[in-house]
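Reading through the structure tokens given below for one structure.
The values are calculated or read from the model by the stated rules, or taken from the named source; none is laboratory data. Quick caveat, the model's predicted, so the values are computed rather than measured. Backbone-built Cβ (ideal geometry, glycine too); neighbour counts: all protein chains shown.
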């Protein structure tokens, strides 16, 4: 290997270049007058940039920066005006605190926070969860409700960060809560809620007054609503399976986002959006079809073996309507049980948010099973009503099964002759098959005769399979050893978990399996 040698010429070159650079820096050193002039120019540039930034500032402001209790001098007030513009007025009012306004009717208890003007707590007064804790759809900041808008003086503001002024009035028997985000005593953005005495539905209107020169209507003004749905049922996996964002669009079509993982859509002509939590729902209803609505869903259950607080996160983003430069949007909120009897009372087919099954399965549930179960449970205990309903359906299907049973009986009678044919032609399978078919045709018996009755029964029993998990009336109703007919009946818990089975022993499925086994033995004779 050739030995590396020091290149003397390179060293001399580097030394000369370094010397030339030092000489140039010394000879080009600015004079004292030049240094002073440069400093002055930089200062003028900084001041100009500050002035320009102040004029063109687009600020996203939080309410904690300024509140009525912190504004004590003109300097703070000037800073507040600089950040919020016309909406600075709302933070100078006594209502600029996190105070809550509480209203209730016979079924709901609602709390409205001055900050953001929306609901900070929704309690369903007639229901508790599997641990006997009251049902809350909203609590402890699990929801965000915000209007994001631009102003004519180039600010971007969020209503969730600003303070509203509450007032409570009466409209007949209804309670009206008005939350106003004010820019002056008679100019404001208002959230108006109207709650009837015994209703889960609440009218909700967003309207502005005198803000046509404040809010920039040339830019899209969006309403954002996010909700992390609380767990309410004993089985996390079971509840999460039926927790989905469902919506109605395009003049009556109903669809939903994916059950698992993450999903999002942009949809047109939306009439309502349901944040369905198996047995409870938060539904946004619009009087006019909504355009360009963006919705998304995210599964929050990372591990079903670990207790979790939330099941899914739902998000909705929709543009608000303007009239003559003012916001004017009429909506409704439903906060209550996912009960078909209650939801059918309202317009827009809200009961379609319940997963009764698509096509013929849903039709069978709504036309047959719901009325039948409602009738039986009106005078029978729920467990007995289920048994009687199952027996009645089985009796109804017996007319369809008659030909199947008759064919099976004939085959049972022909069994000795069929066995004799198989024995006689055991070395000639083709001949044995021909003789078997000839005998069956002569007797009017065919194994295939049971196919058609089976196909007819399939949609009926699948509809029944879809009905029971969505029947709200079964929730927390006890029968024999089961505390809740809408959940599993755990008669024993295992110290370990079996894959695809779980960690508990349910007696009802075991009894059902035994009943099916006995039934098959009786009907087939095998």
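Summary table below
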{"read-out": "Residue match in region 355-367 (condition: surrounded by fewer than 18 Cβ atoms within 10 Å (Cβ to Cβ) and in contact with a strand residue (DSSP E or B) (Cβ under 8 Å, 6 or more places away or on another chain))", "value": "no"}
{"read-out": "Wholly within region 251-301, strands (runs of 3 or more DSSP E) carrying at least 3 residues that are within 26 Å of residue 337 (Cβ to Cβ) and within 9 Å of the chain's Cα centre (by Cα)", "value": "270-277, 293-299"}
{"read-out": "Which listed residue, of 128, 102, 133, is within 25 Å of residue 176 (Cβ to Cβ) and assigned by TED's automatic domain parsing to the domain that holds residue 337", "value": "102"}
{"read-out": "In region 105-119, the residues that are without any contact (Cβ under 8 Å) to a residue 40 or more places away in the chain and surrounded by fewer than 21 Cβ atoms within 10 Å (Cβ to Cβ)", "value": "109, 111"}
{"read-out": "Entirely in region 104-198, the strands (runs of 3 or more DSSP E) that have 3 or more residues that are under 24 Å from residue 84 (Cα atoms)", "value": "143-150, 156-158, 165-171, 174-184, 187-195"}
{"read-out": "Candidate set from region 140-156 (those that are under 26 Å from the mean Cα position of the chain (by Cα) and crowded, with 16+ Cβ neighbours inside 10 Å); member that is farthest from residue 234 (Cα to Cα)", "value": "149"}
{"read-out": "Test: residue 202 is crowded, with 16+ Cβ neighbours inside 10 Å and either within 21 Å of residue 281 (Cβ to Cβ) or outside the structural domain of residue 126 (by TED's automatic domain parsing) (or both)", "value": "yes"}
